[in-house]
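Contents: one structure, followed by commentary.
Every number in this text was worked out from the coordinates using simple rules, so none of it is lab data. Because the structure is predicted, anything quoted here is derived from the model rather than measured. Here the Cβ is made from the backbone with ideal geometry for all residues, glycine too, and neighbour counts use every protein chain on show.
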There are 2 protein chains.
Amino acid sequence: MPHGRPLQVPDDGMTTRARRNTPVLAVHTGAGKGKSTAAFGMALRAWNAGLNIAVFQFVKSAKWKVGEEAVFRHLGRLHDEHGVGGPVEWHKMGAGWSWSRKRGDEHDHAAAAADGWAEIARRLAAQRHDFYVLDEFTYPLKWGWVDVDDVLARLRNRPGRQHVVITGRDAPPALVQAADLVTEMAKIKHPMDAGRKGQKGIEW
Amino acid sequence: MPHGRPLQVPDDGMTTRARRNTPVLAVHTGAGKGKSTAAFGMALRAWNAGLNIAVFQFVKSAKWKVGEEAVFRHLGRLHDEHGVGGPVEWHKMGAGWSWSRKRGDEHDHAAAAADGWAEIARRLAAQRHDFYVLDEFTYPLKWGWVDVDDVLARLRNRPGRQHVVITGRDAPPALVQAADLVTEMAKIKHPMDAGRKGQKGIEW
């Protein structure tokens, strides 16, 4: 049960306050469960602190993670109608990003992923949100659909105090290198190994 | 991006439906971040599916994880007032369990942990909830405050379809053995290693 006490104070010339306000780049990778789930859990906490939340899901199917999406839509409404927590946007690649007019060619996942990243890069430059979840974003990086160097440069140079959490297996080494917080979710045991199917409320 | 397709169908005489409805015992362990956060993320999904949620935090300080608690209290109200999602109860050991009258002796953490488990055991027997988070519960097990064999026996024999998620470092081997889903959160990199302090919206 670690608490917020650093092991050492770095000799980086920053004040504690400046260091405390440094934006975080977090990566959840590994073959185990909980990568996205923990990212959404972080977003919960950020929402509660009043941060402006944006989730971008780089998934092919619009049916995935509908449970989390539904909850965050409730939270977004709580903000909009009752001033509680922060505002929430939830975008998914699925059948085309919500901001995009290119809805016809929903099978070109590579182009859709590149469009998604281009939009995120614009929003980072404009400081549009406080907390970004780029869910399953390691896959377009891995498959070369989005350029890792471009991502790292834009993340490194993002202005202000914008936190970013990236999830997915096989995070590129350069991304792990660049991140402040990296957790590997390792699979020790999974019910599907025993032939069980996913079930409502647990898997989705 | 695995989907809900089992690798093999087990020869256990169960129908797919029965297997799908098997309650899950999940363990999040390891030295990395995200153990509790992923458990609360699972609880989000369960809440959205209308399950009855109960969180029991085996923490000494009442100040920990107040962000998550605040969000789940909002979700509980959404259920109570608008019939959305499931009901939520959130209990923490902190300065004494909410159901307990023993508020005087808040420094006897061993007794408080044993009281907490005794209450959970009663609720499991009564099928009071659908989804239990036993947050940081590995510590009282590790320190011998709660008997591992008793926990395993009661979990094994719990009636109905009650899902249980247990978090914390150093999960006892027998618990890992008994669990259906085990993820180890391994610490690859953490900002506090670089001397940063925790910050609002990120760490709490």
- Taking the Cα-to-Cβ direction at B:R156 and at B:E81 and moving 7 Å from each Cα, how far apart do the two end points lie in nm? 4.6 nm
- Message: Expected output is a single nm value to one decimal: the length gained when fully extending between A:K142 and A:K187, i.e. 0.36 nm times separation in residues minus the C-alpha distance. What is it?
- Response: 14.2 nm
- Message: Sequence gap of 8 or more, or different chains, plus Cα separation below 19 Å: how many lysine pairs satisfy both in the range A:27-170?
- Response: 15
- Fully extended contour minus Cα-Cα distance, from B:D108 to B:D149, at 0.36 nm per residue: 12.5 nm
- For A:W99 and A:R73, calculate 0.36 nm times their separation in residues minus their Cα-Cα distance, and state this gained length in nm to one decimal. 7.7 nm
- Message: Ordered shortest first, which distances in nm separate the 7 Å Cα→C-beta label point of B:A125 from those of the other copies?
- Response: 6.5
- Query: B:G160 label points, 7 Å along Cα→Cβ, one per copy: pairwise distances from this copy to the rest in nm, shortest first?
  - Reply: 4.7
- Answer check: the range B:23-186, Cα atoms, Kirkwood Rh, Rg/Rh ratio of 0.94
- Task: Every other copy gets compared here: list the nm distances from the A:W99 label point (7 Å along Cα to Cβ) to its counterparts, shortest first, one decimal.
- Result: 4.8
